[in-house]
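Asker: Right, I'll just put the structure down here and ask away after.
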Amino acid sequence: MNSPKQDATSEQGVAWVKHAVSRHTGWIFREQTNMDKGVDAQVEEVADGRATGRLIGLQIKSGQSWFKGKTRGGYTYNGDAKHLTYWHTASRF
């Protein structure tokens, strides 16, 4: 059975974000494992040790092909119009 390198890279990216969210914010990370159209995970805010029900949807990109432009402060992500339209439309609800 084939397992493309990008599958491993994607899993590593999700694991890194999960670790970063947990370590730096203490918020709850939930990977979106079923088929989706752009939401790879959800993060729930935790305030004063209590889950708030406030959710943030994440689209996680990993691998060098997504981050070609290194800047002084990090990297520049140059997405495509399809993803921008999806997220812009979703934010109107």
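The values are calculated or read from the model by the stated rules, or taken from the named source; none is laboratory data. Quick caveat: nothing in here was measured; it's all calculated off a predicted structure. Please note: Cβ atoms are built from the backbone with ideal geometry, for glycine as well, and neighbour counts cover all protein chains shown. Side chains included, ligands, DNA and RNA excluded: accessible areas come from the protein's heavy atoms. Shrake-Rupley method; radii C 1.70, N 1.55, O 1.52, S 1.80 Å.
Asker: Output the qualifying pairs, or none if there are none: Cβ atoms under 8 angstrom, residues six or more apart or on different chains, first residue in the stretch 16-27 and within 16 Å of Ser62 (Cα to Cα) and modelled with pLDDT of 95 or more, second residue assigned to a helix (DSSP H, G or I) and aliphatic (A, V, I, L, M).
Answerer: none
Asker: Just the residues that are open to solvent by 90 Å² or more (accessible area, probe 1.4 Å) and either more than 21 Å from Ala41 (Cα to Cα) or among the hydroxyl-bearing types (Ser, Thr, Tyr) (or both), please, taken from the stretch 53-93. Before the answer, list the steps.
Answerer: Of the stretch 53-93, the ones open to solvent by 90 Å² or more (accessible area, probe 1.4 Å) are 54-55, 64, 68, 70, 72, 75, 78, 82, 84, 88, 92-93.
The answer is Lys68, Lys70, Arg72, Tyr75.
Asker: Let me ask something else about it. Where residues in the stretch 26-52 are of a type in the set (Gly, Ala, Ser) and more than 17 Å from Trp16 (Cα to Cα), which of them is least open to solvent (accessible area, probe 1.4 Å)? Spell out the reasoning first.
Answerer: Quick first cut of the stretch 26-52, residues of a type in the set (Gly, Ala, Ser) only: 26, 38, 41, 47, 49, 51.
If we keep only those that are more than 17 Å from Trp16 (Cα to Cα) too, we end up with 38, 47, 49, 51.
On the way: Gly38: 5, Ala47: 41, Gly49: 74, Ala51: 63 Å².
The extreme case among them is Gly38.
Asker: Next question, about the same structure. Looking at the stretch 4-93, what strands (runs of 3 or more DSSP E) fall wholly within it and have at least 2 residues that are within 13 Å of the chain's Cα centre (by Cα) and among the charged types (D, E, K, R)?
Answerer: On the way: elements: 28-31, 41-47, 50-58, 69-71, 74-76.
Output list reads 28-31.
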